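Each value in this text was obtained by applying a stated rule to the coordinates, not by laboratory testing. Here the structure is a predicted model, which is why all the values come from computation and not from measurement. Here the Cβ positions follow ideal geometry from the backbone for every residue, glycine too, while neighbour counts run over all protein chains shown.
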Amino acid sequence: MKKIAAWFESRFGLAPISAFMIKKEIPQTKHTLWYYTGSSILLFFAIQVVTGIILAFYYQPTLEGANDSVARIMTEIPLGWIIRSVHSLSSTCMIAVVMIHMAAILFTKAYRAPREATWMSGVFLLVGSMMFGFTGYLLPWDDLSLAATKVGTNIPRAIPVVGDWVTKFLRGGDDITGDTLSRFFIFHVCVLPLFILAILVIHIFLIQRHGVSIPLHDEVKGRKPKSLPFWPNFVWREAAVWMVLLGALITVAVLLPLKLDPSADTMAPAPEGVKPEWYFLFLFQTLKIFPANMLFVTGETVAVVLIIIAVALIFFLPFIDNKPAEKKGKVISALAFLGLIYAIAMSVWSLL
Amino acid sequence: MKIKNSIYSRRKFLNGLLGGGLGSLAVILISPIIKFVFPPYKEPDQVNLPLADYKDMAPGAIKNFAWGLKPGFIKAKSDGTMTAYVGVCTHLDCNVAWQPDKKKFFCACHDGWYDENGKNIAGPPPKPLRELQVAVEGEELIVSRPGAV
């Protein structure tokens, strides 16, 4: 056994990395709870990868086959209904924890120097995760997913100059067709996984490089909080969290399995009560309340430009919030809090 | 190595040549990829429908037809002629539904309403429904884009 280990070490030379992982310490403060969100996201992501790969063994990304093949997964394939429900539920949980993860970093201002690039790679991961949700929503090919995709792919059209091209690129033409379905499938199972994995490697590398952040007030006062060894103490605790999440996930998936509506008809009127996934609801409601025309442009263009500005602000937040411990930092926290309230209020409103 | 009176070292020149060459090759390859990615679908110039299916419509009545890949509506006007609309909401592209009892077109995605003449009257739609030309030729009803045929 020792010989084999020595052989690997002489070929791969990974001992410094494992030594680093074992020696790594996790600060123990009142914010330690939030440190668990990162590994919970990884858990859900791993579930997505495994369930996604096996779902793709049966799924057929064609107009004729899509809905039928999902129906077959739900009715004929052993445990297929659980696998699909887990995949859907785990995606929702992943996005939810991503949001909590980001909110925690936002309000503890853990993105402050030197962790700006970690935050920015995280914003890419958020956008990638939402794109995963958006492309996956179409794949069962029912009326709701068709209408949601029509709206979602039409929104970029309001972007000045390049909008039309973006919409055509996403749809593979002017309308939602079988080409759109192939495109979304390949985005969902090939393009986005490659993108997310690449960014994830950078994100996790940066976290190792800079270590986990300590609370701002400790840093300002130059205090070093108590800490816990990463291995095995912290990983043991994380594993306990994973077990709870995994158990809850499978339980809910079994008790509330996903349903499947009949195959979509591209000629049928949009069904009533069209709603996107919950994490797009605030955007959905924002688009709904914007008036048709504002001054010289459509309300949609104004809304889309505002959304792009908001994403840019979030992306560059570490540079905007460059004095986190001072008054400016407090004002930015208050504004971020208002933004959060806005998103929650809009989401609740859209459900009324 | 830098030759006397030269602004570049040999290494710098070769780096630029190789890097610039590979870079421009990549840029050149973008164009065919983009061409491939956008398929050549075009909206139809016209759609021919059997007149028999539509000639007995009462004034104000609405019937569906397929405008290429999009739904369309044929409407019998009170003066006996016909017109047609593309049944796609001008807000965010959802298919609209004709509601005969209210005499309105309704888009369920964001609660958009159009009156029986396709005019946007409530909700977010910024423009009226797109109107198409309708002509009768022999036993056929010819629906066409204004200016296309």
Using only the alpha-carbon atoms, how far is helix B:10-37 inclined from the longest principal axis of chain B? Give it as 0 to 90 degrees, nearest 10. 10
Membrane-span-like helices in chain A: DSSP H runs reaching 20 Å or more (Cα, own axis), mean Kyte hydropathy at least 1.6? A:192-210, A:235-255, A:299-315
Over what distance in Å are the Cα centres of the stretch A:181-235 and the stretch B:1-74 separated? 37
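Return the loop-located GluC sites (Glu not before Pro) in the stretch B:101-146 (DSSP other than H, G, I, E, B) with at most 13 other Cβ atoms within 10 Å of their own Cβ; answer none if there are none. Intermediate values should be presented prior to the final figure.
Working: sites: B:GLU116, B:GLU131, B:GLU137, B:GLU139, B:GLU140; in loops: B:GLU116, B:GLU139.
Taking the stretch B:101-146 and a limit of 13 other Cβ atoms within 10 Å, the loop GluC sites (Glu not before Pro) found are B:GLU139.
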The stretch A:203-304: Cα Rg divided by the 2.2 N^0.38 Å rule of thumb: 1.89
The stretch B:5-59: trypsin sites (Lys or Arg not before Pro) falling in loop per DSSP and having at most 10 other Cβ within 10 Å: B:LYS42
Would any residue of the stretch B:63-78 have its amide N under 19 Å from a label point 7 Å out along Cα→Cβ of B:ASN117? List them or say none. B:63, B:73-78
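Report relative contact order for the stretch B:107-149 in percent, whole number only (criteria: Cα-Cα under 8 Å, sequence separation at least 6).
So the answer I get is 23 percent.
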From the convex hull of the Cα coordinates of chain B, what is the mean projected area in square nanometres? 15.3
Between A:PHE296 and B:GLU131, what is the FRET efficiency for a Förster distance of 25 Å, r being their Cβ-Cβ separation, to the nearest 0.05? 0.55
If packing is taken as the average count of other Cβ atoms within 10 Å, what order do A:144-156, A:54-66 fall into, highest mean first? A:144-156, A:54-66
In deg cm²/dmol, rounded to 500, what helix-only [θ] at 222 nm does chain A give when every DSSP H run of at least 4 residues adds -39500 (n - 2.57) and the total is split over its residues? -22000 deg cm²/dmol
Figure the gain on full extension for A:LEU340 and A:PHE12 (residue separation times 0.36 nm, minus the Cα-Cα span) and round it to one decimal in nm. 113.5 nm
Label point 7 Å out from A:GLU25 along Cα-to-Cβ: which residues of the stretch A:221-244 have amide N under 19 Å? A:221-237
Sequence-separation-based contact order of the stretch A:29-270, relative, with Cα cut under 8 Å and 6+ spacing, percent: 31
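For peptide A:260-272, compute the average count of partner chain beta-carbon atoms within 10 Å of each residue's beta-carbon.
5
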If R0 = 60 Å, then A:ILE82 and B:SER6, at their Cβ-Cβ distance, give a FRET efficiency to the nearest 0.05 of 0.25
What spacing in nm lies between the two simple spin-label points modelled at A:LYS3 and B:ASN64, each 7 Å away from Cα in the Cβ direction? 7.5
For a quick check: with amide H placed at 1.01 Å from N, whose amide H comes under 5 Å from A:GLU25's, ignoring anything fewer than 5 positions away on the same chain? A:PHE230
Peptide B:84-96: average number of partner chain Cβ atoms within 10 Å per residue? 6
Determine the shielding of peptide B:32-41 by partner chains: average, over its residues, the number of Cβ atoms on other chains within 10 angstrom of each Cβ. 3
With a cap of 12 neighbouring Cβ atoms within 10 Å, and only residues DSSP puts in a loop, list the GluC sites (Glu not before Pro) found in the stretch A:218-297. A:GLU272
From the gyration tensor of the Cα coordinates in the stretch B:1-40, what semi-axes in whole Å does the equivalent ellipsoid have, largest first, with each one equal to sqrt(5λ)? 38, 6, 4
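Per residue, how much space in cubic angstrom lies within the convex hull of the C-alpha atoms of chain A?
Per residue, the Cα convex hull of chain A comes to 183 Å³.
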Averaging sequence separations of C-alpha pairs under 8 Å and six or more residues apart, then dividing by the length of the stretch A:76-201, give the relative contact order as a whole percent. 23
Listed residues B:ASN15, B:ASN117, B:ASN48; largest mean-square fluctuation, Gaussian network over chain B with Cα springs below 10 Å, found at B:ASN15
Spelling it out for B:MET82: with amide H atoms placed in the peptide plane at 1.01 Å from N, the residues 5 or more places away or on another chain with amide H under 5 Å from its amide H are B:LYS77
I need B:ASP56, A:ASP218, B:ASP101 ordered by Cβ neighbour count within 10 Å, fewest first. B:ASP101, B:ASP56, A:ASP218
Given a cut-off of 31 Å, name the pairs among A:LYS109/A:LYS259; B:LYS42/B:LYS127; A:LYS24/A:LYS323; A:LYS224/A:LYS327; A:LYS2/A:LYS224; A:LYS150/B:LYS35 whose C-alpha atoms lie farther apart than that in the structure shown. A:LYS109/A:LYS259; A:LYS2/A:LYS224
